[in-house]
Amino acid sequence: MIPAPLFSAQNLVKHFRLKGGFLGSSRGVVRAVDNVSFDLAEGETLGIVGESGCGKSTTARLIVDLISPDAGTITLGGKLLGKHISARELRRQIQMVFQDSYASLNPRLTMEDAIAFGPKVNGMSPQQAARLAHELLERVGLEPRRFAGRYPHELSGGQRQRVNIARALAFSPKIIVLDESVSALDKSVEAQVLNLLADLKAELGLTYVFISHDLNVVRHMSDRVMVMYLGQVAEIGTVEAIYSAPAHPYTAALLSAMPSMDPDRRTMEPPLTGDPPNPINPPAGCRFHTRCKLADTICGAVEPGLFGLPGEGHQVACHIHIPGSNHRNRRVEA
Amino acid sequence: MSAPLLDMENLTVRFHGERTVHAVNGVSLTLQSGETLGILGESGSGKSVTLKTLLRLLPENRAEIGGTLRVDGHDVLALQGRALADHRGRTVSMVFQDPMLALDPVYRIGDQIAETVMRHEGCSRSEAMARALDMFKNVQMPSPERRLRAYPHEMSGGMRQRAMIALALACRPKLLLADEPTTALDATVQIQILLLLRDLQRQFGMGMIFVTHDIGVVVEVSDRVAVMYAGEIIETGTVHDIIRDARHPYTKGLLAANLHGAVKGARLNAISGAPPSLERKPNACSFAPRCPVARETCASELPPNVAVGTQRQVRCVLAQE
């Protein structure tokens, strides 16, 4: 029997109503996340990639229950959120690190107080919480004697992000959601923080959800990758399958949009034209068909579901791979 | 060889205020017309300040600029009044990172481009609008006639960046400065804008300086690369030299940190520490405190600028061997 996943999201939906229409009526609905399902196995790292408006940050916020889904279920360790496990307990076990290291720290709290704040609210004595804060600072590579008394503005971006990681560790969580956590850092500092994250995962047996627009970083960090487009999962699979044999035309386009790093083989032709469409009125059928070079008549009419491919857990939402779809193409060239 | 389009010698920029910041410390650069130079560096390395100096955009009362700077034969640091206004937008033009901040939100895009053309070329409004339309076609703007009448907020990020490129190129500048023009864009849009800039640079035969923190972007557009650290150029060479055979330990570290082809799960060869604060003028190698191969002399003396071959220079004692 396959062991139950540590975390499971089933058919998550989150729509945001746009206000400001006539007499306060709604001007439309942003379909930020539309029917997204995925599992997390204990100890793995799931990378989520996609462009702005694809719903990756909304997915992150749904995972930690910062916002509630309109439909769909979340289970952690086999316990259904809202029934067998409270949001409060879920948030203790799933922590999040945001992109903006400065905005996510209270400017009036020292680093020690920032880390100790959560544990104190949850009933730890001030002395214990302070001790814990010092241990965690040490663990993320910041000498407690130098850094415990400092305020956020006295730290560099990389140091602040280390503090945010320490704060996320304060509840000994099982899962950490990293939403573009290293994107704002300079490359040389980013590498240090990525090393830290890898060390912490190995030491503490953590499970990561790693969200980034940088495909090189995602490849380095992840075991599995989920590619999102306009609120839906386009493709999900092992990092090897996604990077070496992308099955969705969008995944293939994302990969070939990466700079080549070879002056003799520069990119000559952009893989896609135009910007990602607005998630307020996503195209009918396959949401990618308006930008897809391989699109056929069926693509604008019927929405493709996720279809299992050979290979471990590899799934793709594209008519090309669905038998009997009558799509003229049979394969996707990377 | 003809006189270079840009000749910058020993440029220094120092900001005064509550504390002094030595932002640029002796930068020398040349650029031929028709050539693209990529300036690669992290935040605080002085790359944007160097670029802004070329347009004299730094606050006059707080920025102390030294050295010489000639563009197309004119001494840029001596320009005043009308001559300076002619220089900006006509001889040298710039594309900024955030087009939403650089474009005026209350004027239609077409009017903004036409205003620039009328000011610099003294032509009529209809001629200027025709030029704006022409530029929109050059930047492959979808439905160009309609978009001339659009306001910046009515466009997507990629279209706004195309509009800004059209604005920057409307008066056919000899030198185009691009300050992280694709950093705020999505990956599939970034590559479109990069290829567009590369094509327009060739088509117009202008010089281009492209500032970015992303090595991959530099490789796509540049002929030559200058790597900046702590207000100095620490290595310069052709894009082949830098990618295939980096000599400075900092450049090597940056290449490793880019993760291109990094093995999954392997430890990254990260550069430790953080860049210096620049409160004092450097009197030793600025990178020495973070350098894995630093020697005693690195912390006490300024490193030599070693010429390696004809086209490249490395500011490191190790390059002498």
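The values are calculated or read from the model by the stated rules, or taken from the named source; none is laboratory data. As the structure is a computational prediction, the values presented were derived from the model and not from experiment. Reconstructed Cβ throughout: ideal geometry from the backbone, glycine too, with neighbour counts over all protein chains shown.
Based on this model, can you work out whether B:Phe136 counts as of a type in the set (Phe, Trp, Tyr), within 28 Å of A:Leu255 (Cα to Cα) and crowded, with 18+ Cβ neighbours inside 10 Å? Talk me through it step by step, then tell me what you get.
On the way: of a type in the set (Phe, Trp, Tyr): yes; within 28 Å of A:Leu255 (Cα to Cα): no; crowded, with 18+ Cβ neighbours inside 10 Å: yes.
Answer is no for this residue.
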> Of all residues in segment B:253-285, how many are closer than 20 Å to A:Leu155 by Cα and either acidic (Asp, Glu) or away from chain A (no Cβ under 11 Å) (or both)?
Replying inline: 4
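Can B:Pro292 be described as more than 30 Å from B:Pro181 (Cα to Cα), modelled with pLDDT of 90 or more, within 14 Å of another protein chain (Cβ to nearest Cβ) and part of a loop (DSSP other than H, G, I, E, B)?
Numbers: more than 30 Å from B:Pro181 (Cα to Cα): yes; modelled with pLDDT of 90 or more: yes; within 14 Å of another protein chain (Cβ to nearest Cβ): yes; part of a loop (DSSP other than H, G, I, E, B): yes.
Here the answer is yes, as B:Pro292 does meet what is asked.
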> Taking the condition within 29 Å of B:Ser156 (Cβ to Cβ), within 14 Å of the chain's Cα centre (by Cα), within 12 Å of chain A (Cβ to nearest Cβ) and not in a loop (DSSP other than H, G, I, E, B), does B:Val217 pass?
Replying inline: yes
>> Would you confirm, using the coordinates I've provided, whether B:Ile242 is buried (at least 22 other Cβ atoms within 10 Å of the Cβ), within 12 Å of another protein chain (Cβ to nearest Cβ), out of contact with any Phe, Trp or Tyr (no Cβ under 9 Å at 6 or more places or on another chain) and modelled with pLDDT of 90 or more?
In response: yes
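Residue-wise test of (1) over 26 Å from A:Val193 (Cα atoms); (2) of a type in the set (Lys, Arg).
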{"position": "B:Ile234", "(1), (2)": "no, no"}
{"position": "B:Gly253", "(1), (2)": "no, no"}
{"position": "B:Arg290", "(1), (2)": "no, yes"}
{"position": "B:Pro303", "(1), (2)": "yes, no"}
{"position": "B:Thr310", "(1), (2)": "yes, no"}
> Does at least one position in segment A:292-313 carry a residue that is in contact with a Ser or Thr (Cβ under 6 Å, 6 or more places away or on another chain), within 26 Å of B:Gln190 (Cβ to Cβ), assigned to a loop (DSSP other than H, G, I, E, B) and away from chain B (no Cβ under 14 Å)?
Replying inline: no
>> Taking the criterion of being in a helix (DSSP H, G or I), more than 8 Å from chain B (Cβ to nearest Cβ) and not charged (D, E, K, R), would at least one residue in segment A:222-236 satisfy it?
In response: no
> List, please: which pairs have Cβ atoms under 6 Å, are six or more places apart or on different chains, and start with a residue in segment A:235-249 that is closer than 19 Å to A:Ser37 by Cα and end with one that is assigned to a strand (DSSP E or B) and of a type in the set (A, V, I, L, M)?
Replying inline: A:Glu235/A:Val227; A:Glu235/A:Val316; A:Ile236/A:Met226; A:Val239/A:Val225; A:Ile242/A:Val225; A:Ala247/A:Val316; A:His248/A:Ala234; A:His248/A:Val316
>> For segment A:143-161, check the following and say yes or no: at least one residue is assigned to a loop (DSSP other than H, G, I, E, B), among the basic types (Lys, Arg), under 17 Å from the mean Cα position of the chain (by Cα) and more than 14 Å from chain B (Cβ to nearest Cβ).
In response: no
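In segment A:314-334, what count of residues is obtained for those that are part of a loop (DSSP other than H, G, I, E, B) and surrounded by 18 or more Cβ atoms within 10 Å (Cβ to Cβ)?
Restricting attention to segment A:314-334, the residues satisfying the condition of being part of a loop (DSSP other than H, G, I, E, B) are A:314, A:317-318, A:322-334.
Add one more test, that the residue is surrounded by 18 or more Cβ atoms within 10 Å (Cβ to Cβ), and what stays is A:314, A:317-318, A:327, A:332.
Residues in segment A:314-334 being part of a loop (DSSP other than H, G, I, E, B) and surrounded by 18 or more Cβ atoms within 10 Å (Cβ to Cβ): 5 in total.
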>> Could you check segment B:151-163 and list, in sequence order, the residues that are within 14 Å of another protein chain (Cβ to nearest Cβ) and either within 17 Å of the chain's Cα centre (by Cα) or not in a loop (DSSP other than H, G, I, E, B) (or both)?
In response: B:His153, B:Glu154, B:Gly157, B:Gly158, B:Met159, B:Arg160, B:Gln161, B:Arg162, B:Ala163
> Would you pick out the residues in segment A:166-211 that are among the charged types (D, E, K, R), crowded, with 20+ Cβ neighbours inside 10 Å, assigned to a helix (DSSP H, G or I) and within 11 Å of chain B (Cβ to nearest Cβ)?
Replying inline: A:Lys187, A:Glu190
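Is it the case, given these coordinates, that A:Thr251 is touching a strand residue (DSSP E or B) at 6+ places or on another chain (Cβ under 6 Å) and either surrounded by fewer than 22 Cβ atoms within 10 Å (Cβ to Cβ) or not in a strand (DSSP E or B) (or both)? Spell out the reasoning first.
Numbers: touching a strand residue (DSSP E or B) at 6+ places or on another chain (Cβ under 6 Å): yes; either surrounded by fewer than 22 Cβ atoms within 10 Å (Cβ to Cβ) or not in a strand (DSSP E or B) (or both): yes.
So A:Thr251 passes the test.
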>> Can you pull out every residue in segment B:85-119 that is more than 21 Å from B:Met141 (Cβ to Cβ) and surrounded by 14 or more Cβ atoms within 10 Å (Cβ to Cβ)?
In response: B:Asp86, B:His87, B:Arg88, B:Arg90, B:Thr91, B:Val92, B:Arg119
> Only one of (1) under 17 Å from A:Leu46 (Cβ atoms); (2) at the interface with chain B (Cβ under 10 Å from one of its Cβ atoms) fails for A:Tyr250. Which number is that?
Replying inline: (1)
> Does A:Leu272 qualify as being of a type in the set (A, V, I, L, M, F, W, C), within 12 Å of another protein chain (Cβ to nearest Cβ), touching a helix residue (DSSP H, G or I) at 6+ places or on another chain (Cβ under 6 Å) and not in a helix (DSSP H, G or I)?
Replying inline: yes
> Taking segment A:253-269 as the search range and keeping residues that are more than 7 Å from chain B (Cβ to nearest Cβ) and touching a residue at least 60 places away in the same chain (Cβ under 8 Å), which one is nearest to A:Gly308 (Cα to Cα)?
Replying inline: A:Leu255
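In segment B:169-181, which residue that is farther than 17 Å from B:Glu220 by Cβ and in a loop (DSSP other than H, G, I, E, B) is farthest from the other protein chains (Cβ to nearest Cβ)?
Initially, segment B:169-181 is screened for residues farther than 17 Å from B:Glu220 by Cβ, giving B:169-175, B:177.
Remaining after also requiring in a loop (DSSP other than H, G, I, E, B): B:170-174.
On the way: B:Ala170: 23, B:Cys171: 27, B:Arg172: 25, B:Pro173: 24, B:Lys174: 24 Å.
Looking at the filtered set, the residue picked out is B:Cys171.
Mind counting the residues in segment B:118-150 that are among the basic types (Lys, Arg) and not in a helix (DSSP H, G or I)?
Number of matching residues: 1.
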>> Exactly one condition in (1) touching a residue at least 40 places away in the same chain (Cβ under 8 Å); (2) within 26 Å of the chain's Cα centre (by Cα) is false for B:Val293; which is it?
In response: (2)
> Which of (1) free of Cβ contacts under 8 Å to residues at least 60 places away in the same chain; (2) among the polar types (S, T, N, Q); (3) within 14 Å of another protein chain (Cβ to nearest Cβ) does B:Gln201 not meet, given it meets every other one?
Replying inline: (1)
> From the list B:Ala166, B:Ala184, which residue is more than 9 Å from chain A (Cβ to nearest Cβ), closer than 12 Å to B:Ile109 by Cα and small (Gly, Ala, Ser)?
Replying inline: B:Ala166
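Let me confirm something: among A:Thr238, A:Thr267, which residue is modelled with pLDDT under 95 and polar (S, T, N, Q)? Lay out the reasoning, then the answer.
Details: A:Thr238 fails: modelled with pLDDT under 95.
Step by step, each of A:Thr238, A:Thr267 is checked, and only A:Thr267 is modelled with pLDDT under 95 and polar (S, T, N, Q).
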